[in-house]
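FYI, it's all coordinate maths here, none of it is from the lab. If you're wondering where the values come from, they're calculated on a predicted model, not measured in any experiment. Don't worry about glycine lacking a Cβ; one is built from the backbone with ideal geometry, like all the others, and counts go over all protein chains shown.
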Amino acid sequence: MSLTLENLSRTVDGIDYVRDANLTFEAGSFNVLLGRTLAGKTSMMRLMAGLDKPTEGRVLHRGEDVTGQSVQRRNISMIYQQFINYPTLTVYENIASPLRLAKMAKSEIDRRVKETASMLQIEPLLKRYPLELSGGQQQRTAMARALVKDATLVLFDEPLVNLDYKLREELRAELRELFRERQCIAVYATTEANEALALGGTTTLLHEGRVVQTGPVMDVYRAPTNTLAAQLFSEPPMNMIRGRVTSTEVTFDEYSHHALTQELEKLTPGDYWFGIRPSHISLVPTNDDDLEMSMEVALSEISGSETFMHVENSHFEMVMQLMGVHQYHTGAPVKVYLPVNKLFVFDSSEQLVHTPSRVSGGAL
Amino acid sequence: MAEIQLKALAHSYIANPVGPDDYAIRQLDHIWHKGGAYALLGPSGCGKSTMLNIISGLVQPSEGEVLFDGKRVNELSPRDRNIAQVFQFPVIYDSMTVYENLAFPLKNNKVPAAKIKARVQEIAEVLEIEDKLHKKAKNLTADEKQKVSMGRGLVREDVSAILFDEPLTVIDPQLKWKLRRKLKQIHEQFDITMVYVTHDQLEASTFADKIAVMYDGQIVQFGSPTELFEAPNHTFVGYFIGSPGMNIVEVERCSGGVRFGSIVLPLEAWQLELLERIKSRNVKVGIRPEFIEISPVVSDETYAAEVLDIEDLGTYKIVTTQLGGQEMKVRQNEEFDATIGARIDLLFPKQWLLLYVDEFLVQEKQP
């Protein structure tokens, strides 16, 4: 039941929309395509659905070449950013429409529509029309229509982007539940790292049409193969500082000198990129060998339960993610602390050479 | 710059409203002080866009008054109210240069040419688009276009307030914070009353000193980001602010406290007295996932809960537990580990266990 993309490329007017993609999606899997705007997420899904033809390569479904075969001939559902429903049909008829097309028996249609509607919590709305619904309810209706027909491939193209963030949170959790039991292949495109983490499954990082990395979500998150993967899969992006290691010390940007401790001692002398997640930098030292740096506050962004603090000095710019509400004025001086055991290290060609040791069972 | 006051304001889109459900905005009094940085936060359909349109003059309120510096403006057109608005999508003239776009509102107001030049230059510098002044607007990126939209509002010196309606919707996530920083700097520099409408708590709390949270046509809380987080005045604020939202549990009174399922939560003396006096049966307790502690030891202050699910969000984990038949979410750091079905002991620090009657927070009266 798997779907395979084989050396798949699509070029339009000399621009690579998708470049040499090789990926396999298994039945019953939930797959997230994560990348910025124009990374190739939508293009890749359109190739999978047969809506566009590749310039090179093939799409295989259960080993059979389905390249360029249209959606109508295959059992595929697509859900878009915009809530697409038939305005003249009731919610019930909207959900039933793909089953009516398939000439399914009335009683079976009724059973499936009600089951799917109750799963998405829109059963009380079945007699209403789409325009009488809120945005969230409209998107639930569109999702119900996509899910009702037991498609073998369900494609989601940033389906939650036009919804309030609270609704997003709820629908995301529901989606995780819905797909736990299903045997179809789900592919979900998003620009948000946090959404990929919340959805779980397999994550594929895309950038400028190319696959940067793919694997189980936590494997990719914990061991990004290069600096690009590290920054794509971190929101806010992972902080990157250039540094030079000698036999005795590490110097950041020829400015900030620190003694080598812990795992850093194992690095051979040379130039590196050091990466640290915003959540690992703190305003108070946690270990004796934390790297201390003097910075100024550029902006303190408060999300309710946490604060994103942007700090800078003449050499570095960093983002910190702090628990709780921290109000600072722009320009306020602060000392920040980078724990050595949380550093990712990339070599001068930006490939990962060291992941932080995961502290398990740490102090609670 | 102006103080904007809403006096006994209400609005219904229906000709003869009867009950509260007929109102998009239920009767309220509210003041946006001169020079403040405010946000109006709420889900879609809460009435925030109606409120914004009433302030700008696009909608006439069906009841009550809108006052600018004490003067009634209900009858004034948006233009005569000297309000600048920045919308979701940039409103600029694509065929004009950035300079012409910025100069346009001033030319309309017959400002002398020399003054226009100086002012446009000044605003362009603030927005860091001075090197784009002679570019055609259609060749700009989305964030640059939105800066020009803001500039068109800022350039007029007679502007009484700037209203922002989800201004960062079309901006790429990586650039959003830079624009938020710009907005904050502009507010500090120009001292203009600014009202920022959004459904995004991050945007609201970053920009505003005080946030009005709207729900179901009412302002249910007007407070600082810290107040909204630590002492949500309404269960909706508890749910809406924070990710995940506050745990809110329906409870019954019992001797010495309140209970749900087999769980008894002791209350403070003043809370018990208060519950004695009121008739309502709609009593809830709320505690944020961030404030529940997992205790390494069992004591008479801990409650044994069952772990139902652990969601790893990279930088932190959300542990869903079951306690007294209720789901209770606990936020833990990324190092937390437990098996599904395991027993953990929860601790509810007294200061973070809040009491809600008829959905509103009850607080101890300060002596």
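Descriptive notes on the structure:
- Qualifying lysines (Cα of each under 16 Å from Cα of A:Lys41; at least 8 residues distant if same chain): A:Lys53
- The range A:23-82 and the range B:266-301 have Cα centres separated by 51 Å.
- Gap separating the Cα centres of the range A:290-348 and the range B:11-48, nearest whole Å: 38 Å
- For the cross-link pairs B:Lys48/B:Lys115; B:Lys147/B:Lys184; B:Lys48/B:Lys147; A:Lys166/B:Lys145; B:Lys107/B:Lys145, the ones whose C-alpha atoms lie over 25 Å apart are B:Lys48/B:Lys115; A:Lys166/B:Lys145.
- Per residue, the convex hull spanned by the alpha carbons of the range A:133-212 comes to 103 Å³.
- Note on the range B:191-218 and the range A:147-211: Cα centroid distance 29 Å, given to the nearest whole angstrom.
- Note on B:313-323: average number of Cβ atoms from other chains within 10 Å of each residue's Cβ is 4.
- With a 10 Å cut-off around each Cβ of B:328-335, the average count of Cβ atoms from other chains is 3.
- Per the Debye formula on identical point scatterers at the alpha carbon atoms of the protein assembly as shown, with no solvent, log10 I(q)/I(0) at q = 0.05, 0.07, 0.10, 0.12 Å⁻¹ is -0.29, -0.58, -1.24, -1.65.
- Within a straight-line Cα-Cα reach of under 17 Å, A:Lys335 can be paired with the following aspartates and glutamates, leaving aside sequence neighbours fewer than 8 residues apart in one chain: A:Asp288, A:Asp289, A:Asp290, A:Glu292, A:Glu296, A:Glu312, A:Glu317.
- For chain B, averaging the sequence separation of C-alpha pairs within contact (under 8 Å, six or more residues apart) and dividing by the residue count gives a relative contact order of 16 percent.
- Peptides ranked, highest mean first, by Cβ atoms within 10 Å: ranges B:2-15, A:134-147: A:134-147, B:2-15
- Among B:30-39, A:239-248, the order from most to least packed when residues are scored by Cβ within 10 Å on average: B:30-39, A:239-248
- DSSP-assigned coil residues among chymotrypsin sites (Phe, Trp or Tyr not before Pro) in the range B:130-235, each with at most 16 further Cβ atoms within 10 Å: none
- Here B:Met96, B:Met150 are placed in order of increasing Cβ neighbour count within 10 Å, fewest first, which gives B:Met96, B:Met150.
- Mean separation of Cα contacts under 8 Å (6+ apart) over length of the range B:31-89, as relative contact order %: 22 percent
- Among residues other than B:Leu102 with Cβ under 9 Å from its Cβ, the summed charge is +1 (Lys and Arg +1, Asp and Glu -1).
- Karplus-derived HN-Hα couplings along the range B:109-115 (A = 6.51, B = -1.76, C = 1.60, θ = phi - 60°), whole Hz, x at Gly and Pro: 8, 6, 6, x, 4, 4, 5
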